Amino acid sequence: MSLLIKSASATALLACATTAFAHITLPAGPALAGSQYEAAFRVGHACKDARSTTGITVRMPQGFTLEDVPARSGWRVEIDQKGEGYGTVRWIAESAAQALAGDKKTEFVMRGKLPTQTGPIYFKVLQTCDRGSADWAQLPSDVTKPGEKQAFPAARLQVVAPGTALVEASSAWIRATVPGQSGTGGFMKLAAGAPLKLVGVSTPVAGVAEIHEMRMEGDTMRMRAISGLELPARQSVELKPGGHHLMLMELKQPITAGQSVPLTLTFEDTKGAKSTLLVQAPAQMLSAGGGDASAHKH
Ligand SMILES: [Cu+2]
């Protein structure tokens, strides 16, 4: 029922996020198996060396049942249910003037029903431009060398089972400790598919685990426990050094780099229903970005 985030995949997600501006992506966060889903493909960049985007063709994944494509001013929509693979939806700019300029961002929206099967699904998107095209169609399995990034990743959606936390964690890590240290911080990105609140954390390695915020008191940055952290729907919220973080105290053992620390996160939805997510956070000395949390003061 839980999503296990392994360090390798967390690293891959992090690498991907840094270049996400150029990719065609779906909003962050998972969606429920068998539910109605609004697939909003975000386009924020024209093809390389191009000035504008003139067409978008989405190849639907297996199990996705198209229900509706809202009309889009200045663009014609062609739906081919028998098209390539499991059907295609194509938006075509009616004129060069209607094409999406390279410095403009927008979303191309379709609605449909998600498969009942859980796991990631991928929408392959062909972006055609006034000059050239870009086929956002690579799957994680297309990358074979360790550490290699996908140049043209397909838009990914994590489909989760009913009863599971509707939230995805990525880039999780725990700061490794030095001898004598009794507490440490935990960091990750969280993306909820519907409004959720992170209300708790527990781990076998610590006697006390809390959600912390950082705030200025006078001219000193201090941290304190909060009862919950709001996670807006379809957005990524980052827990990071110097910002919101998980605080592990009364450590029962040293946390050594490379060790994997299980964290059970508890969430509450808008109706108060609780769900949990197990995240495996690798321990490391510094964040991937080299950030420094030594400014923390209790
Ligand atoms: Cu703290």
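The values are calculated or read from the model by the stated rules, or taken from the named source; none is laboratory data. Note that the coordinates shown come from a computational prediction; the quantities given were computed from them, not determined experimentally. Every residue, glycine as well, gets a Cβ built from its backbone with ideal geometry; the counts of neighbours run over all protein chains shown.
Among the residues of segment 259-285 satisfying the criterion of being in a loop (DSSP other than H, G, I, E, B) and touching a residue at least 24 places away in the same chain (Cβ under 8 Å), which is surrounded by the most Cβ atoms within 10 Å (Cβ to Cβ)? Show your work before the answer.
Residues of segment 259-285 that are in a loop (DSSP other than H, G, I, E, B), as a first pass: 259, 270-273, 285.
Filter once more, keeping what is touching a residue at least 24 places away in the same chain (Cβ under 8 Å): 259, 270, 285.
Working: Gln259: 15, Thr270: 10, Met285: 11.
The qualifying residue surrounded by the most Cβ atoms within 10 Å (Cβ to Cβ) is Gln259.
Condition first: surrounded by 12 or more Cβ atoms within 10 Å (Cβ to Cβ) and among the hydrophobic types (A, V, I, L, M, F, W, C). Now tell me which residues in segment 63-86 satisfy that.
Passing the criteria: Phe64, Leu66, Val69, Trp75, Val77, Ile79.
Pick from segment 249-282 the residues that are among the basic types (Lys, Arg) and touching a strand residue (DSSP E or B) at 6+ places or on another chain (Cβ under 9 Å): which of them is nearest to Ser227 (Cα to Cα)? Give the derivation first.
Keep residues of segment 249-282 that are among the basic types (Lys, Arg), which gives 252, 271, 274.
Filter once more, keeping what is touching a strand residue (DSSP E or B) at 6+ places or on another chain (Cβ under 9 Å): 252, 274.
On the way: Lys252: 24, Lys274: 14 Å.
The extreme case among them is Lys274.
So Phe41 fits all but one of (1) more than 21 Å from Gly119 (Cβ to Cβ); (2) modelled with pLDDT of 90 or more; (3) not small (Gly, Ala, Ser); what number is the exception?
Only one criterion is unmet by Phe41, namely (1).
Can you tell me which residue is nearest to Val58 (Cα to Cα) among those in segment 98-134 that are under 21 Å from the mean Cα position of the chain (by Cα) and without any contact (Cβ under 8 Å) to a residue 60 or more places away in the chain?
Pro120
Does Met223 fit the bill of being within 16 Å of the ligand (Cβ to nearest atom), touching a residue at least 60 places away in the same chain (Cβ under 8 Å), under 14 Å from the mean Cα position of the chain (by Cα) and within 30 Å of Ala273 (Cα to Cα)?
On the way: within 16 Å of the ligand (Cβ to nearest atom): yes; touching a residue at least 60 places away in the same chain (Cβ under 8 Å): yes; under 14 Å from the mean Cα position of the chain (by Cα): no; within 30 Å of Ala273 (Cα to Cα): yes.
Spelling it out, it is not the case that Met223 is within 16 Å of the ligand (Cβ to nearest atom), touching a residue at least 60 places away in the same chain (Cβ under 8 Å), under 14 Å from the mean Cα position of the chain (by Cα) and within 30 Å of Ala273 (Cα to Cα).
Here are Glu230, Glu217, Glu213: which of them is touching a residue at least 24 places away in the same chain (Cβ under 8 Å) and within 15 Å of the ligand (Cβ to nearest atom)?
Details: Glu230 fails: within 15 Å of the ligand (Cβ to nearest atom); Glu217 fails: touching a residue at least 24 places away in the same chain (Cβ under 8 Å).
The unique qualifying residue is Glu213.
May I ask you to say which residue of Leu198, Leu166, Leu190 is under 16 Å from Ser275 (Cα atoms), within 16 Å of the ligand (Cβ to nearest atom), among the hydrophobic types (A, V, I, L, M, F, W, C) and touching a residue at least 24 places away in the same chain (Cβ under 8 Å)? Lay out the reasoning, then the answer.
Details: Leu166 fails: within 16 Å of the ligand (Cβ to nearest atom); Leu190 fails: within 16 Å of the ligand (Cβ to nearest atom).
Result of the check over Leu198, Leu166, Leu190: Leu198.
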